[in-house]
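Before any comments, here is the structure.
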Amino acid sequence: MQIPSMKALVTPEEWQLRRDLAACYRLVALYGMSDLVFTHISAKLPASVTGGEEHFLINPYGLLFDEITASSLVKVDMACNKLHDTPFPVNPAGFNIHSAVHAARPDVTCVLHTHTRAGVAVSAQKAGVLPISQQSTFVLASLAYHDYEGVAFRPDEGPRLQSDLGRANFLMLRNHGLLTCGATIADAFLAMYTFESACRIQVDALAGQQGMDSLTPVNPAILHGVAEAMRVQTGGLGGAFVWPTMLRRLDRLDPSYQD
């Protein structure tokens, strides 16, 4: 698929954001967290680029995540109106959850939403995320829940989702899937990788077992030190600690995300 380059048409800052977001889409596909074309990852452009307007990048609706490139990403406003000429459609209904998060959380650059098998499975369990793995302790340090209200295309759901999310960076959408948000695309990706890992571990641990009584929970006292443990684990850099390694892997496999 030949897609004209956007590099000469946007600022260097926007181009870098486009490359990082395209990389994030490719990584979500690479690690088995995509759902055909039916979820989204959004990134907010910095005010220095937009002149203070709320502009976002989102996937062209209909492309698989492993097809997305920096130039194919679509720039939209808060209502998901396209802001430049592009042959690709966007999915306004799919942007509803993302726009609600971006509106309530000015600290957030990237919102990442998935419908993975393990994520939906745990979202359907009444207890939610259990404190049974190291990965789960990172999630539980900043986890919120939002009850299922049907396919998320109604704007009136936004305020309730915003209230449930609060200041958390991990959101479990009951009977639906997982959502993470981050100050950077790298942060949101690392958070989702950890969230998904915690859910896969939980599904495996519960397979053939008789509930929580058959599992060994993490000592509650350990949960209080998770923030410091995360800082030490990533050298205080958060997602930026692992992001260069992820880009190197993509570059070895298929560097076309950069186009």
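Values quoted throughout were computed directly from the atomic coordinates according to the rules given, and no laboratory measurement underlies them. Please read these numbers as outputs of a predicted model, since none were measured by experiment. Because the Cβ atoms are built from the backbone with ideal geometry, glycine has one as well, and the counts that use them run over all protein chains shown.
Overview of values
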{"item": "Sorted by Cβ density within 10 Å, fewest first, the residues H98, H176, H115", "result": "H115, H176, H98"}
{"item": "Mean Cβ neighbour count within 10 Å, used as a protection proxy, ranking 163-175, 42-54, 131-143, 75-87 highest first", "result": "131-143, 163-175, 42-54, 75-87"}
{"item": "Whole-Hz couplings from phi, Karplus 6.51/-1.76/1.60, listed for the range 132-139; x for Gly and Pro", "result": "10, 8, 4, 4, 5, 5, 5, 5"}
{"item": "Residues in the range 104-148 reached by a label modelled at A47 [backbone nitrogen below 15 Å; 7 Å Cα→Cβ]", "result": "104-109"}
{"item": "Packing-based exposure ordering (other Cβ within 10 Å, fewest first) of F88, F65", "result": "F88, F65"}
{"item": "Gained length - L223 relative to D204, 0.36 nm times residue gap less alpha-carbon distance", "result": "4.7 nm"}
{"item": "In order through the range 46-63: 3J(HN,Hα) via Karplus (6.51 cos²θ - 1.76 cosθ + 1.60), integer Hz, x for Gly, Pro", "result": "x, 4, 5, 8, 9, x, x, 6, 8, 10, 9, 10, 8, 6, x, 5, x, 8"}
{"item": "Anisotropy class of the range 130-213 from Cα gyration tensor, a/c 1.5 cut", "result": "oblate"}
{"item": "Three-way shape label, the range 7-258, alpha-carbon gyration tensor, a/c 1.5", "result": "prolate"}
{"item": "Contour excess over end-to-end distance, with Cα ends at A29 and R160 and 0.36 nm allotted per residue", "result": "44.2 nm"}
{"item": "Contact order normalised by residue count of the range 76-215, Cα under 8 Å, 6+ apart, percent", "result": "31 percent"}
{"item": "FRET efficiency for S256 and F153, using Cβ-Cβ distance with R0 set to 41 Å, rounded to 0.05", "result": "0.80"}
{"item": "Burial ranking of peptide ranges 179-188, 249-258 (average Cβ count within 10 Å, highest at the top)", "result": "179-188, 249-258"}
{"item": "Extension gain (nm, one decimal) between D85 and T245, 0.36 nm per residue minus Cα-Cα", "result": "54.2 nm"}
